[in-house]
Each structure stands twice: as structure tokens, then as C-alpha cells.
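Heads up: the structure comes next, in C-alpha cells.
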Amino acid sequence: MKAALIVGLGSVAVVAAVIVVATFLSRTDTTHAPLGESELSWVAGYAAWARSGPDSCVGIPHGPTRRIARLEQQARAACLGRAPWSRFQRTLSSLLVSGRRLPVRRGLVAESHVDRELGRVAAAMAHRTVEARCWSGDDWYHVNLERQAITGQVHFWAAGVAAPGVVHLDGPLACDPLARFYELHATPSRNNDRARLATALVVLAHEAEHNRNFRNTEAKVECYAVQHVRLLVRAAGRTRAFAADIAAYAWDVTYIRGDPVYSTTQCHDGGPLDLHPASRLWP
């Protein structure tokens, strides 16, 4: 997410195998320190090699540290057909902050954790089981660096990341306002607080929408997400007037002012992406 934008991660193809982003966003425990700059550079180089659809194992970069050298050896062995790619995937996952096993917590929590209430909300939108992972500010920094290395998308900072069955959220930006809204039953009255809540709901809805259909473009997903906001607020027991106000903030602050990649001229009342064409309410 660039400022208030959200991104869903793609997948990395390796020879005949496809390593989906869910691999490195798994629940594997890790006691390792976050990857250093040279180690992230190796991951970025490997991912670029994989995305190119290589027909040779020569392009796998050399590991700069002992733990990355082990990863390199496993990648070469898998590339040569001497070992399963799953072994490489498990090792890569174990080295990443985003692969850590997290405690389950409720409410306003500063530490990285799994939030079951947000998972329930996301699952209802995605029509599948979804785990919502809220990351502390420090951990989210490393999750973003890992995302950039793996995807090659370094031109923005994400506020949310989607993988099959998982939504990863920036804790301070998204999870804190959502915890106040869902757990503490807050109904903010100040403009800034309402704008923050609207943005957080769009982030959650966007990543949940990715889980519903990963084939949709970012622009289509964002259009659907901003339309979910009114329904999410109503489903949480708030008034129609409050829901209309938060939906308006979601449209004015998050959608209209967002990156053009996340918007489309088809997103309007009665347009091709209108989820409720019979209604005159928008979004």
C-alpha cells in the first residue's frame, strides 16, 4: 500500500514448479534474526531469476551468508531435480519474519498477533477460512522488505498483503482502528478518526477480496473493497447514517485520492463493477 493503497502478492515460478507467496507467508516458527541487506538482495536475485522462467540453474545467485548458502544449495539441488522444491520452500519460510508463528490475541495489542475477529470478518467476505495476522510496526517493516524482495515491487509500501487463506495487515494503520471498532465498539466522531477507520476497513476488505478471487486486478479488487465498507459497518451494528459517513470517507479519502493503478473508470454508481446496481447508494 502506497500511503493508503493495498497490494496482493503474486507468485514466483521456478522451473516447472510454482512457489506461491503463501509459501513464505506460512506459519513456520523461526528464531532467526531478520534477513540482512545482502540476504534480502539474494532473495531478490533468486526471485528475479525464478520469474524469468529460466531454462538453466546457472542464474541462481551465490549465498552471501551461511544460512543463505544453505538456501542456495537447496535451490540448486531442486533445480537439478535432486531434491524436492518443498524443502527449499520450507527453509526460505523459516528464515522470514513473515513466516513466524504468532500468538492469538484480542483487542488493542501492540505485538504481532493473529486476530480471530478480523479473520472472521475477512472469511465472511472471502467465503473461505482466512487467518488475519496483525503485525507490529517493527515487524511490518521487515515483512514489507521481504515482500519487496520477493515480488520486485519496490516502489511503494504495503498496508496489507494477501495470500491464500491469509491476510497480513499493518498493525498501527489497519489493526488498531479495527480493534477499536470491533472489540471496543467505538464509533469515532472526529474526522481524522473516521478517515482512519474507513482506510482500515478498505485494507481489510481489499485483502479479503483477493482471497475471494486472486485473478481479479488490483483496480477491480479496490472497487469491490470500497463498496464493502458500508455493509461492514452495518454488520457491526452501527447506524445507517454512520455507515454512510464511513463509506463516504472510504470513497473520498482512500479511493479517489489513491494510486491510479487501484482505480478504474468502471467503478461508479450503476457502472460495470457496481455490486448493487439496483441501489442508488454509492459506494
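The values are calculated or read from the model by the stated rules, or taken from the named source; none is laboratory data. The structure presented is a predicted model; accordingly, all values stated were derived computationally and were not measured. So basically every Cβ, Gly included, is an ideal-geometry build from the backbone, and we count neighbours across all protein chains shown.
Per-structure values
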{"quantity": "Of all residues making up segment 261-283, the number that are touching a residue at least 24 places away in the same chain (Cβ under 8 Å), assigned to a loop (DSSP other than H, G, I, E, B) and not charged (D, E, K, R)", "calculated": "10"}
{"quantity": "Residues satisfying the stated conditions in segment 34-60, i.e. among the charged types (D, E, K, R) and modelled with pLDDT of 95 or more", "calculated": "Glu37, Glu39"}
{"quantity": "Test: residue in segment 61-72 that is at pLDDT 95 or above, outside the structural domain of Leu40 (by TED's automatic domain parsing) and among the small types (Gly, Ala, Ser)", "calculated": "no"}
{"quantity": "When residues of segment 250-260 are limited to those that are charged (D, E, K, R) and in contact (Cβ under 8 Å) with a residue 40 or more places away in the chain, the one surrounded by the most Cβ atoms within 10 Å (Cβ to Cβ)", "calculated": "Asp259"}
{"quantity": "Subset of segment 188-242 (residues that are within 23 Å of Arg133 (Cβ to Cβ) and among the hydroxyl-bearing types (Ser, Thr, Tyr))", "calculated": "Thr199, Tyr224"}
{"quantity": "Matching residues, segment 41-68, being among the polar types (S, T, N, Q) and free of Cβ contacts under 8 Å to residues at least 24 places away in the same chain", "calculated": "Ser52, Ser56"}
{"quantity": "Any hit, segment 187-204, residues being charged (D, E, K, R) and closer than 22 Å to Val97 by Cβ", "calculated": "no"}
{"quantity": "Qualifying residue in segment 83-97 (condition: outside any helix (DSSP H, G or I), within 26 Å of the chain's Cα centre (by Cα), in contact (Cβ under 8 Å) with a residue 60 or more places away in the chain and surrounded by 13 or more Cβ atoms within 10 Å (Cβ to Cβ))", "calculated": "yes"}
{"quantity": "Residues satisfying the stated conditions in segment 192-215, i.e. surrounded by fewer than 16 Cβ atoms within 10 Å (Cβ to Cβ) and either touching a residue at least 24 places away in the same chain (Cβ under 8 Å) or more than 17 Å from Trp251 (Cα to Cα) (or both)", "calculated": "Asn213, Arg215"}
{"quantity": "Residue within segment 98-111 that is at pLDDT 95 or above and surrounded by 20 or more Cβ atoms within 10 Å (Cβ to Cβ) present", "calculated": "no"}
{"quantity": "Members of segment 128-151 that are within 14 Å of Ala174 (Cα to Cα) and surrounded by 24 or more Cβ atoms within 10 Å (Cβ to Cβ)", "calculated": "Ala132, Arg133, Cys134, Trp135, Trp140"}
{"quantity": "Single unsatisfied condition, Asp245 versus (1) part of a helix (DSSP H, G or I); (2) out of contact with any strand residue (DSSP E or B) (no Cβ under 8 Å at 6 or more places or on another chain); (3) touching a residue at least 60 places away in the same chain (Cβ under 8 Å)", "calculated": "(3)"}
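For (1) over 24 Å from Glu183 (Cβ atoms); (2) in contact with an Asp or Glu (Cβ under 8 Å, 6 or more places away or on another chain); (3) among the aromatic types (Phe, Trp, Tyr), each residue gets a yes or a no:
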{"residue": "Ala219", "(1), (2), (3)": "yes, no, no"}
{"residue": "Tyr224", "(1), (2), (3)": "yes, yes, yes"}
{"residue": "Val229", "(1), (2), (3)": "no, no, no"}
{"residue": "Arg234", "(1), (2), (3)": "no, no, no"}
{"residue": "Ile246", "(1), (2), (3)": "no, no, no"}
{"residue": "Gln266", "(1), (2), (3)": "yes, no, no"}
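Conditions tested, residue by residue: (1) over 17 Å from Ala225 (Cα atoms); (2) at pLDDT below 95; (3) not assigned by TED's automatic domain parsing to the domain that holds Leu35.
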{"position": "Ser93", "(1), (2), (3)": "yes, yes, no"}
{"position": "His113", "(1), (2), (3)": "yes, no, yes"}
{"position": "Glu117", "(1), (2), (3)": "yes, no, yes"}
{"position": "Arg147", "(1), (2), (3)": "yes, no, yes"}
{"position": "Val161", "(1), (2), (3)": "no, no, yes"}
{"position": "Val166", "(1), (2), (3)": "no, no, yes"}
{"position": "Tyr182", "(1), (2), (3)": "yes, no, yes"}
{"position": "Pro188", "(1), (2), (3)": "yes, no, yes"}
